[in-house]
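In what follows, a single structure is set out as structure tokens and then discussed.
The values are calculated or read from the model by the stated rules, or taken from the named source; none is laboratory data. Since this is a predicted model, take the numbers as computed values, not measurements. Using ideal geometry, Cβ is built from the backbone for each residue, glycine included, and neighbour counts are taken over all protein chains shown.
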Amino acid sequence: MSRRDPAPPASKPSASKSSASKPSASAPPASPSPAPLPPSAEPEARIGVLFVCLGNICRSPLAEGAFRRVVAARRLEHRFHIDSAGISDFHEGDPPDRRAIAAAAARGVDISGQRSRPVRPGDFVAFDWILAMDGANLTALDAAAPDHASAHVGLLLEVAEGRAKPVPDPYYDGPAEFAAVLDTVSAAAERLIDRLLPPPPGARPADEAQDGRVAPAPKRRST
């Protein structure tokens, strides 16, 4: 079966609940830290990352586009194999939702050339990481994984940021919700690449000052 990441033991008590490490009443609560990622067997090998949502027309295309932009900005295209897919094949062959395309285009990200496809058994071997947008996607991936699967499967926000939270589905909402999803997956993309390829000691992660968001596309000057 596929490897679930991160996978904290269910029976082991959290350190924050022990009397030895309980913070004082005046101390602020500690922010969660993502679990360490397993090291790559081949440090210079390409890392396969597959983003998955239900239909592969809203969230996962935005996540793919945001991650591709981060990878390109850091000139690391040679280090990654990137794609997205859906649990369902209902939209197979379709482009992303027009609202997703518009939200991405407003930030200078072109996802119009993507086409929906379902997750295939071979993806569990071809990719190192299969990142689901929500718990229902994750459950479906676990059920679909073949016995010989080798990919690490987990929630995007949990693997990237240590937050076991879903990326909300904006399908029944409007442009503002699609833009919010792009903000969420863009921030996750910045942190994900730093986790998969940690920067050299002392280096400052790219776009740290922008909190990982994709900057708006510069306005063109009229001639």
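Tabulated data
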read-out: Scope the range 62-88; condition basic (Lys, Arg) and closer than 19 Å to residue 112 by Cβ; matching residues; value: 68, 69
read-out: Qualifying residue in the range 134-149 (condition: under 17 Å from residue 69 (Cβ atoms) and within 16 Å of the chain's Cα centre (by Cα)); value: no
read-out: Pairs where the first residue, in the range 51-77, is more than 21 Å from residue 102 (Cβ to Cβ) and in contact (Cβ under 8 Å) with a residue 24 or more places away in the chain and the second is among the hydroxyl-bearing types (Ser, Thr, Tyr) and not in a helix (DSSP H, G or I), C-beta under 8 Å, 6+ apart; value: 52/84
read-out: Subset tally (residues that are assigned to a helix (DSSP H, G or I) and at pLDDT below 65) for the range 182-223; value: 3
